[in-house]
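Written below as C-alpha cells is the structure these notes are about.
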Amino acid sequence: NLLVDLSEYRGRDEAARRYAAIVEYSDDAIVAKDLKGLITAWNRGAERLFGYAAAEAIGKPITMLIPPDLPDEEPSILARIRLGEHVEHYETTRQRKDGTRVEISLTVSPIKDEQGRVIGASKIARDITERRRAEEQRRLLLREMDHRAKNMLALAGSLVSASARSETTVRGLSSAVSARLSALGHAHSLVLNSTADDINREKATTTLHALIETILAPYRERTNITVSGADAPVGRQVISSLALLLHEFATNAAKYGAL
C-alpha cells in the first residue's frame, strides 16, 4: 500500500478554481494569448466589452481587435512580453465586433511555465470611454470659463473707463460702476437659468421682455412701468450689450426723463 497526502494538491486545486471564478466574472476584459498572438482565453468581461463570444474569439489572432491605423502596436507589445516585461496602464483604442471603437486602459503581463519561460501573455482591458469623455468635457469647460472670465474682466474695465468720463467724484464713479455691473449680473442670470445643460449654454436664450423687466426692476418702486410690443429671443452673444443699453436708458430716464 502507498499512502499519499493530497492536502497540498487539493489546496492548489481550490485556489485555482477560486482564481478562475474571479477571472470569469470580472467586470474587466481579461484575455490570454500565446506568443504568436492567438487568443487562448476570453472571459465574460471581454465578451461585454468587445462583442465577441468566447467561441468566436479563442483561436483567433488578437489583431482582430486592433484598428487598422495601429498596425505596429501589437508587435511592439509582444516584443516586450517575450523579454518578460510588464505593460501597465497603457491607454489605447480597440475595435469591437460591430466596428465601433472603444477607449481602453490596458495592462499586459507575461505568462510563464514551470521553468520560468514566457509562453504567452495575459491582458486586462478596462473601458475608459466615459472617463475620456468626462476629461474632455472638463477641459472644454475650463477653456470656456477662461474665455468668459477674460471677457467679463475686459468688460468691467471698459465700464470703469466709460463711467470715469461722466462721473466727477469717487462716490459717483463707484455708484455708476456698481449699478452697471449689477445690471449685467441680473441679465446673465436669465440666460444661465434658461437651461441646466452646460453643453447648450452657449445657445441659451432669454426674451427681450424678460430682460427689460429685469433691468427696470429697481425703478418699479418709484413709478408704474408697462412693457408691451413684440417679444424676441435674446442670446448670450448680445445680452451684455443690450443689458447695458437698457440700463443706460433707464438711468437717464430716472435722472432726466419720465422716470
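The values are calculated or read from the model by the stated rules, or taken from the named source; none is laboratory data. Since the model is a prediction, treat every value here as computed from it, not as a measurement. Note that we place each Cβ from the backbone using ideal geometry, even for glycine, and neighbour counts take in every protein chain shown. Areas reflect the complete protein model, heavy atoms only, side chains present, ligands, DNA and RNA absent. Shrake-Rupley method; radii C 1.70, N 1.55, O 1.52, S 1.80 Å.
Inspect all residues belonging to the stretch 210-220 and state whether any of them is modelled with pLDDT of 85 or more, open to solvent by 50 Å² or more (accessible area, probe 1.4 Å) and among the polar types (S, T, N, Q).
No, there is no match, as no residue in the stretch 210-220 is modelled with pLDDT of 85 or more, open to solvent by 50 Å² or more (accessible area, probe 1.4 Å) and among the polar types (S, T, N, Q).
Just one of S109, S122, S76 is out of contact with any Asp or Glu (no Cβ under 7 Å at 6 or more places or on another chain), assigned to a helix (DSSP H, G or I) and either open to solvent by less than 60 Å² (accessible area, probe 1.4 Å) or without any contact (Cβ under 8 Å) to a residue 40 or more places away in the chain (or both); which is it?
Criteria check complete, one pass: S76.
Scan the stretch 153-162 and give yes if some residue there is of a type in the set (S, T, N, Q), at pLDDT below 85, touching a Leu at 6+ places or on another chain (Cβ under 9 Å) and surrounded by 10 or more Cβ atoms within 10 Å (Cβ to Cβ), otherwise no.
no
For the stretch 79-106, which positions are out of contact with any helix residue (DSSP H, G or I) (no Cβ under 7 Å at 6 or more places or on another chain) and assigned to a strand (DSSP E or B)?
E88, H89, Y90, E91, T93, R101, I104, S105, L106
Residue check, A179 against (1) open to solvent by less than 50 Å² (accessible area, probe 1.4 Å); (2) modelled with pLDDT under 80; (3) over 17 Å from R236 (Cα atoms), all met but one. Which one?
In the conditions (1) open to solvent by less than 50 Å² (accessible area, probe 1.4 Å); (2) modelled with pLDDT under 80; (3) over 17 Å from R236 (Cα atoms), A179 misses (2) alone.
Listed residues E202, E248; which is of a type in the set (D, E, K, R), within 25 Å of N151 (Cβ to Cβ) and modelled with pLDDT of 80 or more?
When all the criteria are applied, what remains is E248.
What's the number of the only condition in (1) part of a helix (DSSP H, G or I); (2) of a type in the set (A, V, I, L, M, F, W, C); (3) open to solvent by 20 Å² or more (accessible area, probe 1.4 Å) that A46 fails to meet?
(3)
Sort out which residues of the stretch 80-102 are without any contact (Cβ under 8 Å) to a residue 40 or more places away in the chain, closer than 18 Å to I30 by Cβ, open to solvent by less than 60 Å² (accessible area, probe 1.4 Å) and in contact with an Asp or Glu (Cβ under 9 Å, 6 or more places away or on another chain), and write them in order of number.
T92
Sort out which residues of the stretch 1-35 are among the hydroxyl-bearing types (S, T, Y), closer than 27 Å to R48 by Cα and either modelled with pLDDT under 75 or not in a loop (DSSP other than H, G, I, E, B) (or both), and write them in order of number.
Listed by number, the residues that qualify are Y19, Y25.
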